[in-house]
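What follows is one structure encoded as structure tokens, with my remarks underneath.
Read-outs: derived from the displayed coordinates by stated rules, not from any lab. What you see is a predicted model; the values in this text were computed from it and never measured. All Cβ positions, glycine included, derive from the backbone under ideal geometry; neighbour counts span all protein chains shown.
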Amino acid sequence: MTKRCAILGKGPMSGNNVSHANNKTRRRFLPNLQDVSLYSEALGRAIKLRVSMHGLRTVEHNGGIDQYVMKTAKTKLTDELRPYKKVIEEAVARQQAA
């Protein structure tokens, strides 16, 4: 499993542990990733994603996964979310037409 957020694309960073004696040793800072199921009202089902907590707050701030995917430009979406953009937009268009 990749250690990368499916919404924001956040990944591991590298840096140093610094001791009290100022000794430096290399380390990795990993994002706080969680496996979540976000319910899509347009599709009528849950979408399973591995997201950072910052990414989850971003989705909630935008009003859910449907709104986030529709508001965000296709070029700014991660590879994992790009296929959902067209599917969600078509589902919303069908619901509005009915």
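For the pair Asn62 and His20, a Förster radius of 30 Å applied to the C-beta separation gives a FRET efficiency near 0.10, rounded to the nearest 0.05. Comparing Asn23, Asn32, Asn62 in a Gaussian network model of the chain (Cα springs below 10 Å), the most mobile by mean-square fluctuation is Asn23. Counting 0.36 nm for each residue step from Thr2 to Leu43 and taking away their Cα separation leaves a gain of 12.2 nm. Arranged from fewest to most other beta-carbon atoms within 10 Å of their beta carbon, Val69, Val36, Val18 become Val18, Val36, Val69. Highest mobility in the GNM of the chain, judged by mean-square fluctuation with C-alpha springs under 10 Å and restricted to Ser52, Ser19, Ser40, is found for Ser19. Using only Cα atoms and rounding to the nearest 10 degrees, what angle (0 to 90) does helix 82-97 make with the longest principal axis of the chain? Compared with the principal axis, the helix lies near 30 degrees. Across the chain, the mean sequence separation of Cα contacts (distance under 8 Å, 6 or more residues apart), normalised by length, yields a relative contact order of 25 percent. The alpha-carbon of Lys24 sits under 25 angstrom from the alpha-carbons of these lysines, leaving out residues fewer than 8 places away in its chain: Lys3, Lys10.
Among the trypsin sites (Lys or Arg not before Pro) in the range 1-73, those located in a DSSP loop and surrounded by at most 14 other Cβ atoms within 10 Å of their own Cβ are Lys3.
Once the chain is represented by equal point scatterers at the alpha-carbon sites, with solvent omitted, what log10 I(q)/I(0) does the Debye formula produce at q = 0.15, 0.25 Å⁻¹? At q = 0.15, 0.25 Å⁻¹ the computed log10 ratios are -0.64, -1.33.
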